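The structure appears right after this line, and notes come after that.
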Amino acid sequence: MPSSVQRKRIRKSPADRRAEIVEAAAAVALTEGLECLTLRRIAEQLAVRPGLISHYFPAVEDLVAEAFGSAAGSELDRLIPAERPDGTPTEHLARFFAHATGEAYDNISRLWINARHLRRYRPVLRDRVGVQETAWRERLADLLRAGVERGEFRTDDPDVTAMQILVVIDGLGAYTGADIGNCPPEVTLMAVTTAERELGLASGTLTRAAGRPTTPN
């Protein structure tokens, strides 16, 4: 005789549901682009009704900004963790470059290009891009400052040096269409050589620390 007891459906909390929506939107943004973020597209991704998405994000512009912020923030935490109990500043900086100038970074680099283009027309996204730009600059400057305090780096202004490094990385991404991995080493390592020069490091220090080949002489 079949059981008449139905399996109880577990309802997610509003916070968990919202986080799930943002996570799905960030995944779509990374693989398909911010323009593809619609309430219907995310509803399809989660196999729910569009009305559920609009309940949490009545305006799709807010979802676009949240998706970008989530993806960019998660990548920052992966590349430069706020807490770095193990390793030296040189090792952490080398790890940052090994990831930020490799193929694994291409999707997030494309997302930055995408967001900076769209922010001209989308004020909410523009504000979120500004927040992330500040977060990346401050996190990198904090790492450089730690290196100066330990005597590993030499720079009079870690904030300016951080900005110089990020400008080179972003410029490479924009120029190559975020396909840095297929560029010659002399191009791929431009951000690294800039950092070594501005931080008073011998040529090849960061590439050797990351276990990567140095630029040919």
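Laboratory data are not the source of any read-out in this text; all were calculated from the coordinates shown. Just so it is clear, the model here is predicted, and its values are computed rather than measured. So basically every Cβ, Gly included, is an ideal-geometry build from the backbone, and we count neighbours across all protein chains shown.
Considering all C-alpha pairs of the range 14-209, those separated by over 32 Å amount to 22%. Among the DSSP helices (H) of the chain, those spanning at least 30 angstrom by Cα along their long axis with an average Kyte-Doolittle hydropathy of -0.5 or more are 123-149; this is a geometric and hydropathy rule only.
Kindly list the residues of the range 117-144 that lie in the label zone of Gln45, defined by a backbone N under 16 Å from the point 7 Å along the Cα-to-C-beta vector. Under cut-off, by backbone N: nothing. Taking 0.36 nm per residue of separation and subtracting the current Cα-Cα distance, fully stretching the chain between Thr38 and Glu138 would add 32.8 nm.
Length gained on full extension, Ala174 to Glu149, computed as 0.36 nm times the residue gap minus the Cα-Cα distance: 5.7 nm.
Round to the nearest 0.05 the FRET efficiency obtained for Asp86 and Ala27 when R0 = 25 Å and r is the Cβ-Cβ distance. According to the calculation, E is roughly 0.25.
Working from label points 7 Å from Cα in the Cα-to-Cβ sense, the Asp159 to Glu20 distance is 4.3 nm. At full extension, Arg11 and Glu61 could sit 15.3 nm farther apart than now, given 0.36 nm per residue minus the alpha carbon distance.
Peptides 106-114, 80-88 ranked from most to least packed give 106-114, 80-88, packing being the mean of other C-beta atoms within 10 angstrom over each peptide's residues.
Computed over the chain with a Gaussian network model linking Cα atoms closer than 10 Å, the most mobile of Pro89, Pro14, Pro50 is Pro14.
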